[in-house]
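Notes for the one structure printed next.
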Amino acid sequence: MEYLEDAYFVEILRRVQEHTRLLLAKQHIQHGTTTVYAHCVQVAYESYRFAKERGLDVDMEQLIRGALLHDYFLYDWHNQLTPHHLHGFFHPGVALRNAREDVELTEVECDIIKKHMFPLTVIPPRYLESWIVCWIDKKCSMRETIKRRQRG
């Protein structure tokens, strides 16, 4: 877990975990064998590293917080007994609602959460932080899905 070596990232992760139900995301699988929690942490860390390595003018804390909460939907979307067959379209709104229940969010953080599934969410991201998370999320999701298929 490479991110454990970055004190700045770990401190933001710790604060988010302290004030939200993010740890509950360990109970649900995202892609393959990857939990929603592990997926969110990976997306947050890779988004942070991407921006940092390129010297991008972004708010790093908002980038990390938004990425950590981008899939904060807190349900098992694989469960066929629940009406989540359109999960890809609707979970950003659920994640945003859940996050707002637990913490105060900035406009950038809301945009990250709400628009990370673009183009499924028709309105494109407004901020560079949102575009970064949108792209890194797809990259991580594809990697997790391919790993699952290679094992299966």
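State which residue pairs qualify: first residue in contact (Cβ under 8 Å) with a residue 40 or more places away in the chain and inside the range 8-20, second residue hydroxyl-bearing (Ser, Thr, Tyr) in any location, beta carbons under 7 Å apart, and separation of 6 or more residues or different chains.
Short answer, once both residue conditions are applied: Phe9/Tyr3; Phe9/Tyr45; Phe9/Tyr48.
Do we have Leu96 as in contact with a Lys or Arg (Cβ under 6 Å, 6 or more places away or on another chain), at pLDDT 95 or above, among the aliphatic types (A, V, I, L, M) and crowded, with 21+ Cβ neighbours inside 10 Å here?
Here the answer is yes, as Leu96 does meet what is asked.
Among the residues of the range 111-123, how many are open to solvent by 20 Å² or more (accessible area, probe 1.4 Å) and either among the basic types (Lys, Arg) or in a helix (DSSP H, G or I) (or both)?
Within the range 111-123, residues that are open to solvent by 20 Å² or more (accessible area, probe 1.4 Å) and either among the basic types (Lys, Arg) or in a helix (DSSP H, G or I) (or both) number 2.
Just to verify a result, which residue in the range 124-152, among those that are at pLDDT 95 or above and either among the polar types (S, T, N, Q) or open to solvent by 100 Å² or more (accessible area, probe 1.4 Å) (or both), is nearest to Ile64 (Cα to Cα)?
Looking at residues that are at pLDDT 95 or above and either among the polar types (S, T, N, Q) or open to solvent by 100 Å² or more (accessible area, probe 1.4 Å) (or both), I get Ser130.
Only one of these is under 14 Å from the mean Cα position of the chain (by Cα), touching a residue at least 40 places away in the same chain (Cβ under 8 Å) and under 16 Å from Val16 (Cα atoms): Ile132, Ile112. Name it.
Ile112
When residues of the range 24-60 are filtered for being under 15 Å from Tyr3 (Cα atoms), surrounded by fewer than 17 Cβ atoms within 10 Å (Cβ to Cβ) and under 16 Å from the mean Cα position of the chain (by Cα), how many remain?
Number of matching residues: 2.
Name the residues in the range 99-110 that are touching a helix residue (DSSP H, G or I) at 6+ places or on another chain (Cβ under 8 Å), open to solvent by 10 Å² or more (accessible area, probe 1.4 Å) and closer than 12 Å to Gly66 by Cβ, would you?
Once the filter is applied, which keeps residues that are touching a helix residue (DSSP H, G or I) at 6+ places or on another chain (Cβ under 8 Å), open to solvent by 10 Å² or more (accessible area, probe 1.4 Å) and closer than 12 Å to Gly66 by Cβ, the range 99-110 yields Val103, Leu105, Thr106, Val108, Cys110.
Phe73 is checked against (1) of a type in the set (Phe, Trp, Tyr); (2) open to solvent by 20 Å² or more (accessible area, probe 1.4 Å); (3) at pLDDT below 95 and fails just one. What number does that condition carry?
Among (1) of a type in the set (Phe, Trp, Tyr); (2) open to solvent by 20 Å² or more (accessible area, probe 1.4 Å); (3) at pLDDT below 95, Phe73 violates only (2).
So which residues in the range 1-49 are acidic (Asp, Glu) and assigned to a helix (DSSP H, G or I), if there are any at all?
Within the range 1-49, Glu2, Glu5, Glu11, Glu18, Glu46 meet the criteria.
The values are calculated or read from the model by the stated rules, or taken from the named source; none is laboratory data. All of these numbers come straight from a predicted model, not from anything done at the bench. Note that we place each Cβ from the backbone using ideal geometry, even for glycine, and neighbour counts take in every protein chain shown. SASA here: full protein model, heavy atoms, side chains in, ligands and nucleic acids out. Shrake-Rupley method; radii C 1.70, N 1.55, O 1.52, S 1.80 Å.
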